[in-house]
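See below for the structure under consideration.
The values are calculated or read from the model by the stated rules, or taken from the named source; none is laboratory data. Since the model is a prediction, treat every value here as computed from it, not as a measurement. Here the Cβ positions follow ideal geometry from the backbone for every residue, glycine too, while neighbour counts run over all protein chains shown. Note: accessible area is taken over every heavy atom of the protein model, side chains too, but ligands, DNA and RNA are not part of it. Shrake-Rupley method; radii C 1.70, N 1.55, O 1.52, S 1.80 Å.
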Amino acid sequence: MGVASEKDASEAMKLCVFDLRRGQTEGQELDKILFFYPADLPLSTQLSVIGLSEGLVTFTRIFSPEAPCEVIEAERHSHVFYEAEPDIWMVMVVEKESEAIWRVDALRRVLKEVHTLFVMFHGSARALVDRDPSGGLVRTHLYYFIMDFLSDFSIGTKLQLPNFRDSLKERGTLQMLTVGREAAIEVQSLVAVLESCAGDTLCYSLTMFQDLLVSTNLSPIDTVNLFTYAVLRLTPLALSHGASSWSHSRKADTACNTSTGALLLNSGPAAEQYYNSSDASPLLRHNYPLVRPLQHSKWSKGKDGFLTTDIWGRDVNSLVPTCPTIWLRQTEEKMYILAYQHRGLTVILLIPVSSVSGEQGIAMLKQQILENASLKMLKVEERLSRGWGGENAYHVSGYRYLLVDGDRYISRASPPGKVTTLTKDSLVALSKLREEVDSIKGRSVCDNSCHEKDLEISIRAKNNAWLIARLTRGKELYMVLEKSNETLLYASEAVEKFSERYCNGAFSLD
Amino acid sequence: MSSNSNSSPASSFSDKDDRDPNSDSNPEPETLAELETGPELEPNASPDLIDQSLDALENQLASISMSSRSPTALDDEEELQEEETEQSLEEPIIRNGSLSEEIGAEGSINEHVESNWKAESSGVIKESVSSVWRNTSEVDEVERPLSPGSSGYAGERGSTSGGDEINDDDEDNNEVREVQNDSVPGSHDQWVSGKRHPDEDDASVSWRKRKKHFFILSHSGKPIYSRYGDEHKLAGFSATLQAIISFVENGGDRVKLVRAGKHQVVFLVKGPIYLVCISCTEEPYESLKGQLELLYGQMILILTKSVNRCFERNPKFDMTSLLGGTDAVFSSLIHSLSWNPATFLHAYSCLPLAYATRQAAGAILQDVAGSGVLFALLMCKHKVISLVGAQKASLHPDDILLLSNFIMSSESFRTSESFSPICLPRYNPMAFLYAYVHYFDIDTYLILLTTSSDAFYHLKDSRIRIEDVLLKSNVLGEVQRSLIDGGMHIEDLLIDPTSRPGAMSSHLGQPRPGINSSGGVANGFVGVGGPAGLWHFIYRSIYLDQYVSSEFSSPINSLRQQKRLYRAYQRIYASMHDKGIGPHKTQFRRDENYVLLCWVTPDFELYATFDPLADKALAIKVCNRVCQWVKDVENEIFLLGASPFSW
C-alpha cells in the first residue's frame, strides 16, 4: 500500500461534495468544498473539478431549470451529479477503461445511498453546516463517513464501483425472504411481543433472516436505509466478513479490511493537512464527538445476543457503550437501535430516544426482551432456516434475471454466482439496454405522466443471447437468456412462463 | 487579388505526394514542382500560400451567391476581398512546415481521389480564384436577366415573416396540423426555409424554450451559426460553450455530452470548429452527434476543410462572413434531420421507376461520365433517379444528402443553370469540385461534378445531350408520374404474392386494389388496425447503400405522428447499432405507440412498425412478406449496378 497504489485509486475515481451557498466571493472558493476524495489531490485540481461542476449546473439551468446537470460524458471520464440537498451537490468522476462500463443511474444510486445513510446517522448536511458555519463540523463528519463507506468498494488497491457486471442488481432496494403462511404468523407474533416490551411507546421493528428482509413496520424509505446498513454491518455475514455478504457480493473479501485501513491511514494525514491548510476549519482544533457508524469491525455480538458497538462512545462512568441512534426520515425522530441476533435471525428494534430514560432505560428494555421474546426468536429462527433454500434459493434454471418492484423498493435477482456464468458481451449489452430503459423511465418522470410506462424490449444480440426488458405498472423485469433458441417467439414464451410462475403473471400479455 | 490568382501558391490545397507532375492539365508544372519542395521554401513565402488558398476559398463563397448578382456587386465584392488579402498579409503566422504536416494528415482522403483528379486539383484550385467567377458571371450574362439585390438564397426571402412558427419542426405548435392527403409525397415541403426567430437571444424566454438548438462556433468562441437567434447577439453564449469545451480539454479530456433532465448538450470538436446541439427532443446521443457531423459536412461542402487555415492564421477569425447567406442551407438540413431517414441510415433513396426507364437515364449519364465528368446525378427532390461515377470513383450517401440539400435549398440553382464550386466532404474534404446544376422541371435536376473549373460549356453541352435523351425516352414524364403514384404502399401487401402481376408493368404492382378487395382481408393477414396491422416500414440494402421507405398511411397521418415515428426509428437504429456491442440481430420493441420490429442481417436491415397490439407471430410473418415484396420489386425501387460506395 505505497504511494503508488494510492495514486491508482485516485486516478480511477474522484468524489466530491460541495455547497453552492458557500464560497461565492472570489478567493473564497475553497469554502465550497465539503468533501473531496482523494483528499491529497492538489487544491487547484479539486477546485477545477468543482468549478466545472458548478459551471455546468449553472449553464444547464438556462434550459432545464428544474433538472440541472445530471451527467457529463467526456471521452475519458464520466461525471455523475446528484443534488443531495438543495444546493449541496455530490459529483463522482470515474475514469473509462475496459472494465469500466458504467450505468450512470447505478453510480448515482451509490451517491444517493451514501447520502441517505449519512442523513440517517448525522442528520442533513445542511443542518450541520448551519450548526457550524465554519464548515468544520460537516467536513469532519462527511470525511469519515464517506471514507468508511468507500472502503467497502475497495478491492486490492482499487475502488470497484458497480459496473456492467452488476447489471442484474438494483442498489437501494430490499431483498425479501419468501416465507410460508405459518412462518409469517410466527414472525407476526414475535413482532407483537417485541412491541409490547416497549410498553406504551411507539416503536418500530425490522426482522431479517441472513441478508433478507422478513418483516418490518417502518416506512419504505427508512426500511431501505436501515436494511442497507444492516446488510453492510449487522447481519451475521457482515459481522463475520467485516464488510461483505453474498447478496452484495464483492470479490476479495479478505482484502477489504486491510485495504480499508491503508486507505484511511494514507489519506488521513493528507486530509488533516488539507483541512489545516484551507484554514476554514482545522479538523483537530475542534473537539467534535465523532461517530463513525460505517467503521469496520466495530460491531460484535454480545453474550446476551444483542449486538454492541462502541462507535457511539462509552459512558464515562460505567464504560458501557452508548446505545446507537439514528434519525428516521419519515417522522424526523431520533431513535435508539437495538439489534438482537440469533444465528441467521437479526431483529432490529427502534425506540424513540425521547421515550426512554437514557442507558438505564435501554438496559431495562433489553432485559424485558430477553425475558419475553428470546424463546420466540429461537423458534422463528429455526422455522425460517428450515424453509430457506440457501444462497441459490431464488435461482431459476435457464434464466438470469432481475425483478424490481419500484413502488415497494423491492428487488429479486439471480444469485451472483449464477450471473457470473454470463459472458461479458451479454452483460455489457444488458447494461446498455438498462441505460436506455433508464432514460425512457427518466423521460416519463419528467413528463409527470400519471400513467406508468409500459414497455417491452427483446433484443437478439450479436452473441445470440436474448436481452429482455419489460416495464409494466411500476414493475421491471430484466433478463438474459443465453444459449437459447433463435426465434423471438421462443424468447417471449420464456418470459411468459417466468412471469406466470414467479411474478403472478405481472408481465404476462393477457 | 487578381495578381495573385495566376501564380501557383494555391497548390497548398493538394498533397504534393499525390500530384502527378506529368499531368498536362497542370498549366504551370515547373512552378508547381518548385513548390512541391515545400519545406525548403523560405518561411516568408508560406503566408502567401495560405492567403492564396483563403482567397480562393472566399472567392468560392462569393461565387456561390454570384449567379444573380449585378456586375457592380461583383466589383464591390472584389474590393472587399482585396482588403482582406492585404490585411491578412500583415499577420502571417503559419509556417510552411506545419502546413504540409496537416496536408499529410489528409493523405488518406487523397488516396481515394482518382489519379486524374490528383493531377488536376492544384490547377483547379489555383484557377478557381478567377475562372469560377468568370464562369458564373458569364453564365448570368448569357442565360438570364440580372436581378440585382437578391443574393440568390431562399433564406433571404421573408425569413422573418410572422407565420413561420407553424413550420418549426421541433416545436409543438405545428403538430396539430393534419395532412389532408396521406399520399402527398413529402408533405414536409410546406416547411419554410431560412433563419428562424432572428430577434431572439439567450436572454429570451422563447429562445431558451426552443426544443433543439444548433450552434457552430470557432475555437476562440466566436459564433458562426445558430439555428435560432442572431449569431452576433449570441456571442456571450457562444463564449460560454467554448469555455466548457476548453475547460474540459485543459483537463486532458474531451467533453461529449451533458445531460440535464430532458435536455442533452452534445459537443463535437472538429479542429478549430466547435459544433454544439442543445436538445430536449429525446433523440439518442449517437443520433445527435451524427447530426452535428452532417452539419459540419454541410459547412465543409460549402467551404472545404481548408477553412481551418483561416484559424491557423488568425485564431479570432470571424467566419460568419464566409457563410453569409447560407442560412437556408443549414436550416433546410436541420429540417431534414426530423423527417429524412437518410440522415441516420447513411443510405440514399431512389425514386421508384420502371427498370427500363432508370436504365435509359443511367445509360446517358454513363455516356457523359466518360468525358471529364466525375459524377453525374439525376435527382428528383432528395431522391436519386440515377447516378453514375467515373471509373472507380464512388459517392458516399452522406455526400448525396448534403449536395442535394445544398442545391435544393439554394434558390439560385432553380432559376438558372449554374456552375458552382462545392466540396464533397466524404470524397475529399480538402478540395473543391465543380458542380454544374440544371433543373429540368421544378423537381428534377441534373448535377454534373467535375474537377475542372473551366468545363462549364462542355458540361452544358453534355446536359443538352442528356436532356435530349430524357425527353425522347420520356424519363421526365415517368418521373412526374412516379411522384404522383408514390412508392411502396403497405396496402399493396394485401395482394397475394402469387396473384400480383408478374410483369410489374404497372407501378410497383399498381393499380392498387381497395382495402376491401378480396385476398388480403379474407386472409386476415394485413389490415389497418388489425392484429398484425403493419403501419410502415423502412428497408435498407447494405450493399446498395440504399433504402426504401413505405408511404405513410393511416393511422400515421399527421406530421406529428410521422415525426414521432421517425424519432422511434432513429432510436431503434441507435439501439441496434451500438458502437461497442452492436449490431444486434433482432429487436422487438413495444410501447404505448407502436410495435417496432427490427431485423439486421449482413444483406439488409428491416424496420417495421405495427399496431401496438400486434401479435408477434403475425408480425414476423408480415416482415418476411415485406422482405419478399422488396426483393420482387427491387428493380424498380433501387438503383442496381451503381454500387456507388464500393470500390
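General remarks:
- Partner lysines for A:K475 [C-alpha distance under 20 Å; skip if fewer than 8 residues away on the same chain]: A:K169, A:K432, A:K441, A:K453, A:K497
- Counting Cβ atoms of other protein chains within 10 Å of each residue's Cβ and taking the mean over peptide B:279-285 gives 2.
- Amide H contacts under 5 Å for B:Y348: B:Q546, B:Y547, restricted to partners 5 or more places along the chain or on a different chain, H placed in the peptide plane at 1.01 Å from N.
- Summed side-chain charge close to B:L395 - residues other than B:L395 whose Cβ falls under 11 Å, Lys, Arg +1, Asp, Glu -1: -2
- Gain upon complete extension [A:S484, A:S355; 0.36 nm per residue less C-alpha separation]: 40.5 nm
- With R₀ fixed at 30 Å, the C-beta to C-beta distance from A:R21 to B:A235 puts the FRET efficiency at about 0.45.
- Computed with a 1.4 Å probe over protein heavy atoms only, the accessible area of A:L202 comes to about 110 Å².
- Distance in nm between pseudo-label sites at A:D454 and B:I484 (7 Å out along the Cβ direction from Cα): 4.4
- Estimated vicinal HN-Hα couplings, Hz - segment B:369-380 in sequence order (Karplus 6.51, -1.76, 1.60; Gly, Pro = x): 4, x, 9, x, 9, 7, 9, 10, 10, 10, 10, 10
- The value of relative contact order for chain A, using C-alpha pairs under 8 Å at least six residues apart, is 13 percent.
- Taking segment A:118-164 and dividing mean pair separation by its residue count, relative contact order in percent (alpha carbons under 8 Å, at least six apart): 21
- Counting, for every residue in A:55-67, the Cβ atoms of other protein chains within 10 Å of its Cβ and taking the mean gives 6.
- Each other residue within a Cβ distance under 12 Å of A:W388 adds +1 if Lys or Arg and -1 if Asp or Glu, for a net charge of -1.
- Shielding of A:459-467 by partner chains, average beta-carbon count, 10 Å: 5
- Working note: Karplus 6.51/-1.76/1.60 with θ = phi - 60° gives segment A:31-44 the couplings 4, 5, 6, 9, 7, 8, 10, x, 5, 8, 5, x, 4, 5 Hz, where Gly and Pro are set to x.
- For chain A, with all protein chains in place and a probe radius of 1.4 Å, 51% of the accessible heavy-atom surface sits on carbon or sulfur.
- Ordering B:459-467, B:268-276 by mean Cβ neighbour count within 10 Å, with the highest value first, yields B:268-276, B:459-467.
- Given their separation in residues at 0.36 nm each and the Cα-Cα distance between them, A:D132 and A:K379 gain 84.0 nm when the chain is fully extended.
- Taking all protein chains as shown and a probe of 1.4 angstrom, B:R414 keeps an accessible surface of around 90 Å².
- Taken along the Cα-to-beta-carbon direction at a fixed 7 Å, the label points for A:K112 and A:D304 span 3.9 nm.
- Label-point separation in nm, A:T45 to B:D468, each point 7 Å along Cα→Cβ: 7.5
- Residue order by solvent-accessible surface for B:L295, B:L640 is B:L640, B:L295, largest first, with ligands and nucleic acids left out and a 1.4 Å probe.
- Taking Cβ atoms as reference points and 10 Å as the exclusive limit, the residues near B:Y439 contribute a net charge of -2, counting Lys and Arg as +1 and Asp and Glu as -1.
- Summed over both chains, the accessible area lost when B and A associate is about 4000 Å², using a 1.4 Å probe.
- Euclidean distance of C-alpha centroids, segment B:556-621 and segment B:428-475, integer Å: 38
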